[in-house]
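Bear in mind that the values in this text are calculations on the coordinates, not laboratory data. Bear in mind the structure is a predicted one, so any value in this text is a computation, not a measurement. FYI the Cβ positions are ideal-geometry reconstructions off the backbone, even for glycines, and counts take in every protein chain you see.
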Amino acid sequence: MDPFTLINKFYTPGTKLYQVLIEHSRIVTEKSLEIADTLPHLKPDIEFIRTAAMLHDIGIFLTRADSIGCRGTVPYICHGYLGRNLLDEQGLPPEYGLVCERHTGAGITRENILVNKLPLPPRDMVPISIEEKIICVADKYHSKNPLYADKKMTPPQIIAELEKIHPDHAKRFSIWAEEFNL
Ligand SMILES: [Fe+2]
C-alpha cells in the first residue's frame, strides 16, 4: 500500500503542514528502517514499518498546533488515537492504527492517563509489537517543531526530555534503547 494515497486524502501538497508531516515522517521512516536493520534476530516486518512509519502522525491535522500549521480543535496529544480512528475508518488492518495510538511519548499507560487527567480514552497506549516499539523510538529522534527541525537528538537527550514528561517514559525508552543497542 502506498501511504501517500492516504496522506494526500487528508493533507494538501504545498501547504506548510504537508511539508512538516512529510519531512518528519520520512525521517522517522528512515530511522525506523535503520534500527530494524540491526535487529534481524527480532524479525521486524520491514514492509509494514515502511508504510506504518509514514502514517504514524496522520492524525495531527485534527489537533491544534499553530507552530506547525495544525488547525484542528483538540489538544495535540490526541493525534495518536485520532490517527488510529482515521486509519481504522479507512479500512486498514488494525496494526497500522495501533502504531499511531501507541507512539506518543514512550507510550502512555492507562494509569498515567487517569492520574494526569489526560484528554485521552482511558486505555493502555504503550507499544507492544517490535514494529510499534521501533517506530515509537525512531520518532523521538526528530521534532516536527520548525525551531528544532534540524536538530537530531541523542538517546541521553531523549531520555532527559522524556524524564520531564514522566519518569516512566524515560524508563521505557531506556529499556528499548538497551534492547536495540542504541
Ligand atoms: Fe512523529
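Summarising the label geometry, the points placed 7 Å from Cα in the beta-carbon direction at Thr12 and Asn181 lie 4.8 nm from one another. Shown is the FRET efficiency for Asp124 and Asp2, computed with R0 = 35 Å from the Cβ-Cβ distance and rounded to the nearest 0.05: 0.70. Simple rule: put +1 on each Lys or Arg Cβ and -1 on each Asp or Glu Cβ in segment 34-164, find the dipole, and look at Asn145, Leu92, His56; the Cα lying farthest toward the positive end is Asn145. Find out how many positive minus negative residues lie around Ser32, taking Lys and Arg as positive, Asp and Glu as negative, among other residues whose Cβ is under 9 Å from that of Ser32. For residues surrounding Ser32, the net value is -2.
Between Leu33 and Asp45, the simple label model (points 7 Å from Cα in the Cβ direction) yields a spacing of 1.8 nm.
Only one residue of Leu39, Asn8, Pro75 has its Cα farthest out toward the positive end of the dipole of segment 1-77, where Lys and Arg carry +1 and Asp and Glu -1 on Cβ, and that residue is Pro75. Packing-based ranking of 53-59, 157-163, 110-116 yields 53-59, 157-163, 110-116, ordered from highest to lowest mean Cβ neighbour count within 10 Å. Charging the Cβ of each Asp and Glu at -1 and of each Lys and Arg at +1, and nothing else, the dipole of the chain about its Cα centre rounds to 560 debye. Which links in Lys133/Lys171; Lys31/Lys152; Lys9/Lys43; Lys9/Lys151 stretch past 21 Å when you go from one Cα to the other? Too far apart for the 21 Å limit: Lys9/Lys43; Lys9/Lys151. Which helices, counted as full DSSP H runs in the chain, have an axial Cα extent of no less than 20 Å and a Kyte-Doolittle average of -0.5 or above? In the chain, the long hydrophobic H runs are 16-37. Counting Lys and Arg as +1 and Asp and Glu as -1 over every other residue whose Cβ lies under 15 Å from the Cβ of Pro156, the net charge comes to +2. Charge dipole of segment 101-145 (Cα centre as origin; +1 on each Lys and Arg Cβ, -1 on each Asp and Glu Cβ, all else neutral): 160 debye, rounded to the nearest 20. Computed over segment 3-179, relative contact order equals 19 percent, with contacts defined as Cα pairs under 8 Å that lie 6+ residues apart.
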